[in-house]
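The values are calculated or read from the model by the stated rules, or taken from the named source; none is laboratory data. What you see is a predicted model, and the numbers here were worked out from it, not measured in a lab. In this analysis, Cβ positions are derived from the backbone assuming ideal geometry, glycine residues included, and neighbour counts consider all displayed protein chains. Note: accessible area is taken over every heavy atom of the protein model, side chains too, but ligands, DNA and RNA are not part of it. Shrake-Rupley method; radii C 1.70, N 1.55, O 1.52, S 1.80 Å.
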Amino acid sequence: MNPAWVIALPAVGALVVLGLGTRAATGWVGAAFGLVTWLAGLWVALPYVGSAESERHVLGEMATGVAPIEVALTVDGLAALLVLLATTVAFLVLLYSVSYLRDEPRRATYTALVLLFTTAMATVVLADDLFVLLVGWEVMGACSYFLIGHYWERPDARAGAVKAFLLTRLGDIGFLFGIFVLGTATGSWSIGAANESAASGAMSTSQATVAMLLVLCGVVGKSAQFPLHTWLPDAMPGPTPISALIHAATMVAAGVYLVARLDDVMAASPVARSVLAVIAAVTMLGAALFAVAQDDLKRVLAWSTVSQLAYMFAALAVGGYAAGVYHLLSHGAFKALLFLAAGSVAHAIGTTAMTEMGGLRRALPVTFWTMTVGFAALAGLPPVVGFFSKDAVLGVVSEEAFQHASWQGWLLLVSGLLTVVVTAAYSIRAWLLVFCGEARGARPQHEAPWSMRAPLVLLALASLAGGVLVLTPDLVDPLGRTEGELVHPVLAAVTTVVLLVTLLLTYAEWWRVDGLDPAERFGPTRRLLHRELGFDRAYDLGIALPTWALARTVVATDRDVVEPYVRGAGTGARWLGLGLRWLQRGNVQVYVTAVVAGGLLLGLGAGWLVP
């Protein structure tokens, strides 16, 4: 089956849904197209899962001054896994949204944008040409803008959408120039050609470094890594299913996928790997600390996404391709579960503020058990998939630290272990505040409808069963890019003990304060973390205000300096034209007078010049 079907089917579905408008069947039609897209994804991807083979389809080409842009799609082991992840989560989100947005007047545009989002992500995953990938990358960014701002009547939704659009576009400028560098270095826009050139040594280290540093600009923006990390938590005013889609399988995962796809080019640049390691170390711990202090459940999960993405980048920064891809898949399952479960809670009580929750485990039993699985995976408790994938990441980082004694390995190992502790603390804190203790707000009358519960159960089962991937590492790394195993028993035992101690201490503190928020123990530090260290204020002072001042200076210069000269030149030309017009009126008397006056002037001049 041609992989273009995985791209075309949701695009057709978006047009059909828009044609239906606000009819009651709109949600179900969108879910049906999501199901068909998922089946097409299975058909395309399953033959290549765990296979070292690949297949390239060229659908057309366009001539350029350097090399032709080929509309080329490639299916290999990595693309197959991401196709399965993206289409599965997209289908579950569409199914979930049928009931979640049943009374939403803008459900047609919402459903169409989700389908278009799926088209864009499939394009990014399957593209072999960098410019084709860029098209999917940018369409995905545009869809995210509209979906985050779905409730456009809310100021926070509008602000979050604009912020996401601006910060991701800022990073994409560097990505575009990175594509130019890769294309001129290899003579082709093909991703495969770039990797081959880097692996063979035809691409110089300096070329690989410049290219990957520019590409990382786009990656940092799209995957919300430091210093462009603040947009993701502010994207939470959008519908909760969209949060699941953006955080789990599409937009933010695209940055990790791109680095994994250009793994050979990254390997050719130690500088780029070092930069990525520093970014990952700072982001994973900083975002986890921010999550501890949040009062909104979705913001806690948003900051956890930023932190977990940094784990993936940490693995890729030290050559741990298999571990990074494994955690990408693992995170896609349990983070989609957590966000959809958060939506189920919000659907029941009308808010995601944890100050209004408590004691929900009896009223929402399905949500409680499935979300418990999600939090266990986020914290990394055995035997849930997050335990195995996080162990794989920490294992490859520890090997880099101990066996190669690199500062990057030690930096990532220390940051990763500290992040394990903080992640366990905010995971059980959120679980306790939502489901345990006394009720602090409205009480739900019933569980969510089956169309919302079914995705939770399926994702919970996937999170429980995903650990079996450690038994078949070839599924995530069929080319054997990473040496070593995905399982590290000693490290796993140590981190498990640390996790259990952290969970017990957090629970004890919650019990000591009679079910209130244990994060209050941080005192003034909690308020500082809640404000996220004032990064947005720093953006305003360091970037926004100077840019605004510079723009005003440019406008004033144009108005008060440049424009007067332009107006003066125009006025002079107009007066000169009037003078010439006066001389050409057709009045013979004027002409004779002018000739006489000219002759007189010439005579006087000749008399003055000739002695």
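Residues of the stretch 133-146 being touching a residue at least 40 places away in the same chain (Cβ under 8 Å) and open to solvent by 20 Å² or more (accessible area, probe 1.4 Å), which ones?
Residue satisfying the conditions is Leu134 alone.
Among the residues of the stretch 50-64, how many are touching a residue at least 24 places away in the same chain (Cβ under 8 Å) and open to solvent by less than 40 Å² (accessible area, probe 1.4 Å)?
Number of matching residues: 3.
Give me the pairs, please: first residue somewhere in the stretch 153-164 and more than 19 Å from Leu228 (Cα to Cα) and among the basic types (Lys, Arg), second residue anywhere and modelled with pLDDT under 85 and open to solvent by less than 60 Å² (accessible area, probe 1.4 Å), beta-carbon distance under 6 Å, and either six or more positions apart or on two chains.
Arg154/Pro237
With the condition kept exactly as written, say whether any residue in the stretch 468-486 is touching a Pro at 6+ places or on another chain (Cβ under 9 Å) and under 30 Å from Gln294 (Cβ atoms).
no
Just checking, which of Phe388, Phe402 is crowded, with 17+ Cβ neighbours inside 10 Å, aromatic (Phe, Trp, Tyr) and part of a helix (DSSP H, G or I)? Even if it seems obvious, please write down each step before you answer.
Numbers: Phe402 fails: crowded, with 17+ Cβ neighbours inside 10 Å.
Every option except Phe388 fails the conditions.
I'd like to check something: does the stretch 156-177 contain any residue that is assigned to a loop (DSSP other than H, G, I, E, B), open to solvent by 10 Å² or more (accessible area, probe 1.4 Å) and acidic (Asp, Glu)?
Taking the stretch 156-177 and keeping what is assigned to a loop (DSSP other than H, G, I, E, B), we get none.
No, the conditions are met nowhere in the stretch 156-177.
Quick check: anything in the stretch 496-509 of a type in the set (A, V, I, L, M, F, W, C), open to solvent by less than 50 Å² (accessible area, probe 1.4 Å), in a helix (DSSP H, G or I) and in contact (Cβ under 8 Å) with a residue 12 or more places away in the chain?
Yes, the stretch 496-509 contains a residue that is of a type in the set (A, V, I, L, M, F, W, C), open to solvent by less than 50 Å² (accessible area, probe 1.4 Å), in a helix (DSSP H, G or I) and in contact (Cβ under 8 Å) with a residue 12 or more places away in the chain.
Please find, within the stretch 185-205, the residue that is farthest from Val265 (Cα to Cα) out of those that are touching a strand residue (DSSP E or B) at 6+ places or on another chain (Cβ under 8 Å) and either hydrophobic (A, V, I, L, M, F, W, C) or part of a helix (DSSP H, G or I) (or both). Let's see the steps before the verdict.
Of all residues in the stretch 185-205, those touching a strand residue (DSSP E or B) at 6+ places or on another chain (Cβ under 8 Å) come to 189-192.
Remaining after also requiring either hydrophobic (A, V, I, L, M, F, W, C) or part of a helix (DSSP H, G or I) (or both): 189, 191-192.
On the way: Trp189: 14, Ile191: 10, Gly192: 10 Å.
Ranking the qualifying residues of the stretch 185-205, first place goes to Trp189.
List every residue pair whose Cβ atoms sit under 7 Å apart, with the two residues 6 or more apart in sequence or on different chains, where the first one lies in the stretch 409-438 and is open to solvent by 10 Å² or more (accessible area, probe 1.4 Å) and part of a helix (DSSP H, G or I) and the second, anywhere, is among the polar types (S, T, N, Q) and modelled with pLDDT under 90.
Correct list of pairs: Val421/Thr502; Ala425/Thr502; Ala425/Thr506; Ile428/Thr506.
Is there a residue in the stretch 83-104 that is among the aromatic types (Phe, Trp, Tyr), part of a helix (DSSP H, G or I), touching a residue at least 60 places away in the same chain (Cβ under 8 Å) and under 21 Å from Val49 (Cα atoms)?
Here is the first cut: in the stretch 83-104, the ones among the aromatic types (Phe, Trp, Tyr) are 91, 96, 100.
Cutting the leftovers down to part of a helix (DSSP H, G or I) gives us 91, 96, 100.
Imposing the further condition that a residue be touching a residue at least 60 places away in the same chain (Cβ under 8 Å) reduces the set to 91, 96, 100.
Filter again for under 21 Å from Val49 (Cα atoms), leaving 91.
Yes: the stretch 83-104 contains one or more residues that are among the aromatic types (Phe, Trp, Tyr), part of a helix (DSSP H, G or I), touching a residue at least 60 places away in the same chain (Cβ under 8 Å) and under 21 Å from Val49 (Cα atoms).
Which condition breaks for Val181 when tested against (1) open to solvent by 10 Å² or more (accessible area, probe 1.4 Å); (2) touching a residue at least 60 places away in the same chain (Cβ under 8 Å)?
All conditions pass for Val181, except number (2).
Restricting attention to the stretch 102-132, report how many residues are aromatic (Phe, Trp, Tyr) and open to solvent by less than 20 Å² (accessible area, probe 1.4 Å). Give the steps one after another, and end with the answer.
The first filter runs over the stretch 102-132 and keeps only residues aromatic (Phe, Trp, Tyr), leaving 110, 117, 131.
In the following step, the residues that additionally are open to solvent by less than 20 Å² (accessible area, probe 1.4 Å) were identified as 110, 117.
Here the count works out to 2.
What pairs come out if I take residues in the stretch 455-481 that are in contact (Cβ under 8 Å) with a residue 12 or more places away in the chain and pair them with residues that are open to solvent by 40 Å² or more (accessible area, probe 1.4 Å) and outside any helix (DSSP H, G or I) whose C-beta lies under 6 Å away, six or more apart or interchain?
Going by the 6 Å Cβ cut-off, the qualifying pairs are Gly467/Pro383; Val470/Val487; Pro478/Ala52; Leu479/Ala52.
With Leu35, Leu73 as the choices, which residue is more than 27 Å from Leu459 (Cβ to Cβ), of a type in the set (A, V, I, L, M, F, W, C) and either within 27 Å of the chain's Cα centre (by Cα) or open to solvent by 30 Å² or more (accessible area, probe 1.4 Å) (or both)? Give the steps one after another, and end with the answer.
Details: Leu35 fails: more than 27 Å from Leu459 (Cβ to Cβ).
After ruling out the rest, the residue left standing is Leu73.
Consider His488 against the criteria (1) touching a residue at least 24 places away in the same chain (Cβ under 8 Å); (2) open to solvent by 30 Å² or more (accessible area, probe 1.4 Å): it satisfies all of them except one. Which criterion is unmet?
Failed condition: (2).
Looking at Leu213, Leu228, which is the one that is part of a helix (DSSP H, G or I) and under 29 Å from Tyr145 (Cα atoms)? Full working, then the answer.
Working: Leu228 fails: part of a helix (DSSP H, G or I).
When all the criteria are applied, what remains is Leu213.
Search the stretch 439-459 for residues being surrounded by fewer than 16 Cβ atoms within 10 Å (Cβ to Cβ) and modelled with pLDDT of 90 or more, and hand back the single one that is farthest from Ala333 (Cα to Cα).
Ala454
Take the residues in the stretch 1-51 that are within 17 Å of Leu84 (Cα to Cα) and not in a helix (DSSP H, G or I); name whichever of them is modelled with the lowest pLDDT. Can you show your working first?
Applying the first criterion (within 17 Å of Leu84 (Cα to Cα)) to the stretch 1-51 yields 1-10, 31-51.
If we keep only those that are not in a helix (DSSP H, G or I) as well, we get 1-3, 49-51.
Numbers: Met1: 75, Asn2: 87, Pro3: 89, Val49: 89, Gly50: 84, Ser51: 85.
Here the answer is Met1.
Pull up the stretch 89-101, narrow it to residues that are touching a Gly at 6+ places or on another chain (Cβ under 6 Å) and of a type in the set (A, V, I, L, M), then point me to the one that is surrounded by the most Cβ atoms within 10 Å (Cβ to Cβ).
Checking each candidate, the answer is Leu94.
If you check Ala346, Ala377, Ala336, which single one turns out to be surrounded by fewer than 24 Cβ atoms within 10 Å (Cβ to Cβ) and closer than 22 Å to Met452 by Cβ?
Numbers: Ala377 fails: surrounded by fewer than 24 Cβ atoms within 10 Å (Cβ to Cβ); Ala336 fails: surrounded by fewer than 24 Cβ atoms within 10 Å (Cβ to Cβ).
Within the list Ala346, Ala377, Ala336, the selection yields Ala346.
Cβ-Cβ below 9 Å, separation at least six or inter-chain, first residue in the stretch 202-213 and in contact (Cβ under 8 Å) with a residue 60 or more places away in the chain, second open to solvent by 10 Å² or more (accessible area, probe 1.4 Å) and in a loop (DSSP other than H, G, I, E, B): which pairs?
Met203/Ala268; Thr205/Ala268; Ala208/Ala268; Thr209/Ala268; Met212/Ala268
From the list Leu78, Leu20, Leu94, Leu39, exactly one residue is under 25 Å from Ala260 (Cβ atoms) and among the aliphatic types (A, V, I, L, M). Which is it?
On the way: Leu20 fails: under 25 Å from Ala260 (Cβ atoms); Leu94 fails: under 25 Å from Ala260 (Cβ atoms); Leu39 fails: under 25 Å from Ala260 (Cβ atoms).
On inspection, the qualifying residue turns out to be Leu78.
Residues checked against (1) over 30 Å from Leu213 (Cβ atoms); (2) at pLDDT 90 or above; (3) touching a strand residue (DSSP E or B) at 6+ places or on another chain (Cβ under 8 Å); (4) aliphatic (A, V, I, L, M):
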| position | (1), (2), (3), (4) |
| --- | --- |
| Leu309 | no, yes, no, yes |
| Ala317 | no, yes, no, yes |
| Tyr321 | no, yes, no, no |
| Leu329 | no, yes, no, yes |
| Val366 | yes, yes, no, yes |
| Phe387 | yes, yes, no, no |
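What's the number of the condition Pro383 fails, among (1) touching a helix residue (DSSP H, G or I) at 6+ places or on another chain (Cβ under 6 Å); (2) touching a residue at least 24 places away in the same chain (Cβ under 8 Å); (3) farther than 22 Å from Leu458 by Cβ?
Only one criterion in (1) touching a helix residue (DSSP H, G or I) at 6+ places or on another chain (Cβ under 6 Å); (2) touching a residue at least 24 places away in the same chain (Cβ under 8 Å); (3) farther than 22 Å from Leu458 by Cβ is unmet by Pro383, namely (3).
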